[in-house]
Every structure is written in C-alpha cells, then in structure tokens.
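One structure below.
The values are calculated or read from the model by the stated rules, or taken from the named source; none is laboratory data. Small disclaimer: the values here were computed from a predicted structure and weren't measured. Because the Cβ atoms are built from the backbone with ideal geometry, glycine has one as well, and the counts that use them run over all protein chains shown. Accessible surface areas use protein heavy atoms only, side chains included; no ligands, DNA or RNA. Shrake-Rupley method; radii C 1.70, N 1.55, O 1.52, S 1.80 Å.
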Amino acid sequence: MILKKFKFLKGFFTNSFGILFSRILGFIRDLITANVLGAGVYSDIFFIAFKLPNLFRRLFGEGAFTQAFLPGFVAAKKKSLFSASVLLRFLVFIVFLTLIVNIFAPFFTKLIAFGFDKNTIDMAVPYVKINFWYLVFIFLVTLFASLLQYKSHFATTAFSTALLNISMIISLILAKDKSKEISVLYLSYGVVVGGILQAFVHILALKYTGMLRVIVGGFKGLKNGKKADTKGFYKNFFHGVVGSSTAQVGAFIDTWFASFLAFGSISYLYYANRIFQLPLALFAIALSTALFPKISKQIKAGNDKLALDLLSKSFHFLFGLLLFSTIGGVMLSKEIIYILFQRGEFTSLDTLNSAKVLNMYMIGLLPFGLAKIFSLWLYAKMKQNIAAKITIQTLIINLISCAILIKPFGVSGLALASSIGGSYLFYRNIKEFGFGNFLAIINLKKITLIIAICLIEILILWLFKEILYAYI
C-alpha cells in the first residue's frame, strides 16, 4: 500500500540518483578547473564559450522541447512520422545555426560578454566555435530522451551527463602542466566529445526499448512521401522556449552584466550557480521530469483530480527538500566553497566572493524549484503561450533588478536579481494555476512538520559551526 502511494516517486529517484552521480563528477570537474584556471581571464573565457551551447542544452533538455514534444507525441496518431519529421527539421536548423555561430563567432561572443574588450573577445572566439558544436549532439540527446520518457525510461538520460563530465575531466588531466590557453582548448574539445558519447548511449537505449524502430519507421514513411501531422507543435515549442527559459536567460543576463565588472566576476557567478543548480536539478528538475508524463496523460484522459493529487504530493515533497537545501546552502556557503574550490589558483578572496554570490542565489531556490512543478500544469494544458508571457515579465524584472543592484552590491547583486525574478515567476505560476487550487492542495500538518524539522536543522548547523570554529 505504501509503495503504491509513492509510486509516482519512482521516476524521481531514478532521475535524482543519475543527476547526483553526474553532479558529483561535475564538482570534481569544477574542482580541477578551479585548480588549473582559478578565477581570472581564462576561466571567464571558457565559461563564456561553454555558456552559449549550455543555454540551449538547458532550454531543450529541461524545458521547451520536451514540454512541447511529449504532449504532441502522445496525441499523434502516426507517432513514427511525427518523431522523424521533428528530428529532421530541428537537426537541419541546429546544424545551420552552429555554422552561423562559427562564421560570426566574434559577434556572438561580444553578444554574450558585451563588457569584454577586443583582445579578450579575440582570445575567446576559437573556444566559442569549438564548444558550440556540442549543441548538435545535445539536441539529438534531447529528442531521444523525450522518446525514452514516453516509455518511462529515465535512467539513460539521468546518468548520461556523467559522460560529459568524465570527458572534460580527462581533457584537464591530459592538459596537466600545460599553459592555461592550452587547458581551455583541451576542455573545449572535451565538451564536444562528451556530447558525442551522450548521443551514442541514447541510441543504444532507444534500441533496447524498441523506440529506435519508431524513428527508423518514420524516416521510411517520410521517404515514401507520407506527411507528419505536427500541427500546433512548433507554435507550442516556440512558446515553450520562452516559457521555460527564465533561469537560463536570467543566468545569461547575469553574465552580460558581470562582463562589465572585474575579471573573476563571471567565474564567481559560475561556481556559485553550479552549487545552486545541484539541489535545483537533484530535486526540482528530477521530480518535474518524472511527473510531467504522468500529469500529461492524466489531463489528456480528463482525470484532473488525479493530476491535482499527484501535484499535491509532489509539492510537499519538493517544498521540504528545497527548504532544507536553502537553509544548508546559506548557513554553510563559505564552507562549501572552501571545501570544493579553494586550492591552486583559487584563493581565499575568491572563496569569500563566491560565497556571497551563493547566498544570493540560494534565496531563490525555493521559488524557482516550486515554479517548475506548477508550470507543468500550464504545459500539460497546452498553455505554453501563457507560460511565455510570464517568462517575459520575469526576465524584464530580472533585467531591471540587475541594473539597480549591480552598483551597490556588485556581482552579488546580480545573483539577488535572479532570485527576485524567481520569486515573481513562482507567484505568476500560482496565479495561473489558481490560488483556490493552490490552497486546496496544501496540507497544514505537513507544512508544520517541515518547518519544525527546518528549525532543528538550523540549530544543528549553528552548533556545528560553533564547534568547528572553536577548534580552528
């Protein structure tokens, strides 16, 4: 009975363990990167070069594509034709976009880091060109992952990011004792190799689940002149791109403003955001990824009550996890940065600056994470256009907040602006979901228990810090 009650969490735990494994490797990668590059011009250049394809990865892998593709695939009568048609058109577009970015790399680099001078832009351009090819392979991964989600197969996608991290770690090891310039070059090629490996393991998973036949059959149908019914998909996808882009575009806005600050500011944002992203990915993204197919199917079948029940269980579970993480992240921000990154080229001053940024990011963890699951209701109801409007409003608030806070608070103000935007995003998602519906799914006993546990957590962490510093 208990197992049946929490059956909805099966996909969450698969995603969460996979993400945890990948993130542990990711932190090892960042630890080595911080040791080799520190927080200066070369680390800033690499993070800029990696940010552009990574933005698209997050938009596709954690947002727009899956949220538009999966309901369309579920509803499609000829699923083979639908999947093959979408794959072909998007692949052509992505390759074309990659070629355009490579041809006009100085322009796109300047667009990302407007505050960089010409010399720094010229230094970054070769790495931007290499890193962007990662996007071609990660798009394939995203579509393949959506097909695997339909079959309730989450493990391959959850664990595959580890391959990217392993590839980058190996590239850093191979670059040992070489100049920072060569290290960034090796890292860039490591990114592309990681993308190739991720695509390869997804193809194997498609063959294992029988979904590879679906794509192959679709291509045969297209070759014979059959047409796929993709009506509404591209419109929903466009709205979904905007609707799911808040955190990603917000991080881009942060980077753009940080490029006007001293060298190292972009790196502080990167390292702090990596820690912020861990609980967000481990809990909010993992849960929403597992929940979305279930909610979509229930709403399509007209079972709104069951969909709301799933959302209620998910809300309390996620509320507790994110609140615990927020408290831990704020109270131990300096210690976390110190343990993970302070060595080699990464100094104690870098630790203090990164910890301040992390505190500001952690304020937005709870609203950003909860907004993830409530946005699922809009996407499952095919209301991507409303989600897009909410996101545009959120990004405007984020932009204005950055402009206001950068002068008095510096790089920390940019992270705070992101959290302000996340709070507004949560409020607007709840408003669209319905305040009445939101209050109806709240269980006061569960909320009280979670807050009581949080108070105990605060006490334990406070005592831990007092004992720790008493012996230092």
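Miscellaneous remarks
So that you can scan it fast, the table gives a plain yes or no per residue for (1) without any contact (Cβ under 8 Å) to a residue 60 or more places away in the chain; (2) within 20 Å of PHE13 (Cα to Cα); (3) part of a helix (DSSP H, G or I):
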{"residue": "TYR270", "(1), (2), (3)": "no, no, yes"}
{"residue": "PHE283", "(1), (2), (3)": "no, yes, yes"}
{"residue": "LYS294", "(1), (2), (3)": "no, yes, yes"}
{"residue": "GLY320", "(1), (2), (3)": "no, yes, yes"}
{"residue": "GLY329", "(1), (2), (3)": "yes, no, yes"}
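Results for (1) β-branched (Val, Ile, Thr); (2) at pLDDT 75 or above; (3) open to solvent by less than 10 Å² (accessible area, probe 1.4 Å); (4) within 28 Å of ILE253 (Cβ to Cβ), shown as yes or no for each residue.
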position: LYS10; (1), (2), (3), (4): no, no, no, no
position: SER22; (1), (2), (3), (4): no, yes, yes, yes
position: PHE27; (1), (2), (3), (4): no, yes, no, yes
position: ASN35; (1), (2), (3), (4): no, yes, no, no
position: TYR42; (1), (2), (3), (4): no, yes, no, yes
position: ALA49; (1), (2), (3), (4): no, yes, yes, yes
position: ARG57; (1), (2), (3), (4): no, no, no, yes
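- As for the stretch 169-187, it holds no residue that is under 27 Å from LEU87 (Cβ atoms), of a type outside the set (D, E, K, R) and buried (at least 21 other Cβ atoms within 10 Å of the Cβ).
- Members of the stretch 155-177 found to be among the hydroxyl-bearing types (Ser, Thr, Tyr) and over 15 Å from the mean Cα position of the chain (by Cα), listed by number: THR156, SER167, SER171
- TYR208 vs. criteria open to solvent by 30 Å² or more (accessible area, probe 1.4 Å) and at pLDDT 85 or above: yes
- Restricted to helices (runs of 4 or more DSSP H) entirely inside the stretch 359-472, those with at least 3 residues that are open to solvent by less than 50 Å² (accessible area, probe 1.4 Å) and out of contact with any Asp or Glu (no Cβ under 7 Å at 6 or more places or on another chain) are 365-380, 384-409, 411-433, 444-470.
- Sole residue being modelled with pLDDT of 95 or more, assigned to a helix (DSSP H, G or I) and open to solvent by less than 40 Å² (accessible area, probe 1.4 Å), chosen from SER325, SER314: SER325
- Per this entry, VAL86 is not counted among residues that are open to solvent by 50 Å² or more (accessible area, probe 1.4 Å) and either modelled with pLDDT under 90 or over 19 Å from TYR189 (Cβ atoms) (or both).
- Selected residue (criterion: modelled with the highest pLDDT) from residues of the stretch 106-144 that are β-branched (Val, Ile, Thr) and closer than 17 Å to LEU185 by Cα: ILE130
- The residues in the stretch 157-168 that are at pLDDT below 90 and of a type in the set (S, T, N, Q) can be counted, and the count is 3.
- Sub-8 Å Cβ pairs linking a first residue in the stretch 399-413 that is at positive phi to a second residue that is open to solvent by less than 60 Å² (accessible area, probe 1.4 Å) and part of a helix (DSSP H, G or I), at least 6 apart or interchain, are GLY410/SER265, ordered by first then second residue.
- Sub-7 Å Cβ pairs linking a first residue in the stretch 254-266 that is at pLDDT 80 or above and in a helix (DSSP H, G or I) to a second residue that is open to solvent by 10 Å² or more (accessible area, probe 1.4 Å) and β-branched (Val, Ile, Thr), at least 6 apart or interchain, are PHE257/ILE406; ALA258/VAL411; SER265/VAL411, ordered by first then second residue.
- Of the helices (runs of 4 or more DSSP H) lying entirely inside the stretch 67-172, the ones with 3 or more residues being of a type in the set (Ser, Thr, Tyr) are found at 79-103, 134-150.
- Cβ-Cβ under 6 Å pairs, at least 6 apart or on other chains, the stretch 440-459 side in contact (Cβ under 8 Å) with a residue 40 or more places away in the chain, far side of a type in the set (Gly, Ala, Ser) and part of a helix (DSSP H, G or I): ILE441/SER312; ILE450/GLY320
- Boolean, GLY302 is open to solvent by less than 60 Å² (accessible area, probe 1.4 Å) and on the phi > 0 side of the Ramachandran plot: yes
- Among (1) open to solvent by less than 30 Å² (accessible area, probe 1.4 Å); (2) over 20 Å from MET362 (Cα atoms); (3) at pLDDT below 85 - the single one SER288 does not satisfy: (2)
- Those residues of the stretch 117-131 which are within 13 Å of PHE46 (Cβ to Cβ) and open to solvent by less than 30 Å² (accessible area, probe 1.4 Å), in sequence order: THR120, ALA124, VAL125, TYR127, VAL128, ILE130, ASN131
- Any pair with Cβ under 9 angstrom, 6 or more apart, that starts in the stretch 177-188 at a residue that is within 11 Å of MET123 (Cβ to Cβ) and among the polar types (S, T, N, Q) and ends at one that is open to solvent by 50 Å² or more (accessible area, probe 1.4 Å) and modelled with pLDDT of 85 or more: none
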